[in-house]
1. Considering only segment 199-221, I want to know if a residue exists there that is modelled with pLDDT under 90 and farther than 20 Å from residue 358 by Cα.
2. Suppose the filter is within 30 Å of residue 325 (Cβ to Cβ) and over 21 Å from the mean Cα position of the chain (by Cα); does residue 93 pass it?
3. Residues of segment 295-304 being under 19 Å from residue 201 (Cα atoms) and touching a strand residue (DSSP E or B) at 6+ places or on another chain (Cβ under 9 Å), which ones?
4. Would you confirm whether or not segment 242-263 contains a residue that is in contact with a helix residue (DSSP H, G or I) (Cβ under 9 Å, 6 or more places away or on another chain), within 20 Å of residue 152 (Cα to Cα), part of a helix (DSSP H, G or I) and modelled with pLDDT under 90?
5. Go through segment 264-273 and give me each residue that's in a strand (DSSP E or B) and over 17 Å from residue 304 (Cα atoms).
6. So residue 87 passes all but one of these: (1) out of contact with any strand residue (DSSP E or B) (no Cβ under 8 Å at 6 or more places or on another chain); (2) farther than 28 Å from residue 188 by Cα. Which condition number does it fail?
7. Going residue by residue through segment 97-110, is there one that turns out to be buried (at least 24 other Cβ atoms within 10 Å of the Cβ) and within 18 Å of the chain's Cα centre (by Cα)?
8. For residue 288, indicate whether it is more than 17 Å from residue 328 (Cβ to Cβ) and over 14 Å from the mean Cα position of the chain (by Cα).
């Protein structure tokens, strides 16, 4: 049987994780906002428990994820001299076609230094590097016109012409399905700027804050934000548990632009998906986590893989949740990614309760 062909497009990074001792987390509140800050002793020497080298970037994360799910995957990214060959070797090792990985001498491969915090989160120091020079001229248009799916990940501002080229390809080839996880540069420009691409979007992935900014609409705050590790067990007859914010009005805004499926994630508070008629809520599998980097990419690739395999929205949410759970309990965005046999075996054993409601217009 012919494998589904997928192109993933976006960023590639080389990541170094450090576990730093003597750290503190400070929370500052204002009348309008509340933020947490990672604190390290100024002028001091901070001891490192461990250093872990791995790979990241939206296009390479989703590329590896789709390859492990058994699809025919090609990744389009831009790398520099430093770390670049290691990025290629990692993709090839995971069965991803690297014929369309572009190289530049203008800068080094994108690089991130990640400081893991004691609460299971992380602070990321990111250098865009070669990603800044990734442009529409790097797209293999002929090959893209022959694929089954295109998955577009975060792009830098300099890459803003890429969505327009992809829209041209999608208009000429209506059978190609398009999934999109927009970057900050596209989100801040608003929905009307991207109405053509949204109309051709099969699945739109955003986290809660991105969705609110993109749609220029607030979400409805949940009634109970207590961080209870048992909250992931959702067996209530109510559609949303007390800790989950309501994003239904934001979803309706996206459907006005022709998106087929909208998926909005909220970290440990679960994920919601809709087809414009019904809306589904899926809790996380567990609050346990070691490193959250790559959780969004693993969720999106797991969800999309389920859709390609013909699963319904409820099952797709669970596939995404299981894939994300496997990733956030490892260091790095790719180490824990599941293959198809693994996710299918876990699906048979899981007891995640997905709730459903009508999407009120």
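The values are calculated or read from the model by the stated rules, or taken from the named source; none is laboratory data. As the structure is a computational prediction, the values presented were derived from the model and not from experiment. Here the Cβ positions follow ideal geometry from the backbone for every residue, glycine too, while neighbour counts run over all protein chains shown.
1. Within segment 199-221, not a single residue is modelled with pLDDT under 90 and farther than 20 Å from residue 358 by Cα.
2. yes
3. 296, 297, 299, 300, 301, 303, 304
4. no
5. Answer for segment 264-273, where residues must be in a strand (DSSP E or B) and over 17 Å from residue 304 (Cα atoms): there is none.
6. Failed condition: (1).
7. Yes, segment 97-110 has at least one match.
8. Answer is no for this residue.
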